[in-house]
Amino acid sequence: MKWNKWYTVAAVVVVVLLVGIGTWFVLNRSAKKVPAIMDETQNVLTLSPDAIGLSVAFRADNKAMKFTVANANGINSIEYQISYTKNVKDEDVPEGLIGTVDMNPGDKTASIGYREFGTCSSGVCRYDTVVSPVKLTLKVVKSDGKVYQVEKTVSIPQ
């Protein structure tokens, strides 16, 4: 079989079409993602800590905290961030803990046990010297799909 110039032309056309379709797909797909992210951040509503019955407690040694949501009816998920400033060698450094609270349908309350201000490994803990109030930020997703943010700032008892 002889290679014909038409085979070369056909191969070039196919390659150009594939590259064009691939480029269109990539550009069109990324263009659609930007508004979705913007919409998600614009639709975050706020709730007061009292609206969900949020309470915070510190361990007796003040080196850990826990929280409870007493009114968790209709909540699908809770993501949390605990942020504070610690002192390391005379320098203030921001620190934080993140996590999720597993929710089951019909749960009326949600709680997370004590979270350490520091790191623990093999049963040995190195605690942070916390030098600021502790801020708890919750992302609450309700069963109707609405997303809420709840913030509470508390000082560690002396």
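Values quoted throughout were computed directly from the atomic coordinates according to the rules given, and no laboratory measurement underlies them. Predicted model, so just to flag it, every value in this text is computed and none were measured. Here Cβ is always computed from backbone atoms with ideal geometry, including for glycine, and neighbour counts include all displayed protein chains.
Here are a few things to note about the model shown:
- Translational diffusion coefficient (Stokes-Einstein; Kirkwood radius from C-alpha pairs) of segment 50-158 at 25 °C, 0.890 mPa s, in µm²/s: 165 µm²/s
- The phi-based Karplus calculation (6.51 cos²θ - 1.76 cosθ + 1.60; θ = phi - 60°) puts the 3J(HN,Hα) values of segment 73-85 at 4, x, 9, 7, 8, 9, 10, 10, 9, 10, 10, 7, 10 Hz, whole numbers, x for Gly and Pro.
- Gained length - THR119 relative to GLU91, 0.36 nm times residue gap less alpha-carbon distance: 8.2 nm
- Potential lengthening between ASN73 and TYR127 on full extension [0.36 nm per residue; Cα-Cα distance subtracted]: 15.9 nm
- Applying 1/(1 + (r/R0)^6) with r as the Cβ-Cβ distance of THR137 and ARG59 and R0 = 25 angstrom yields a FRET efficiency of 0.75.
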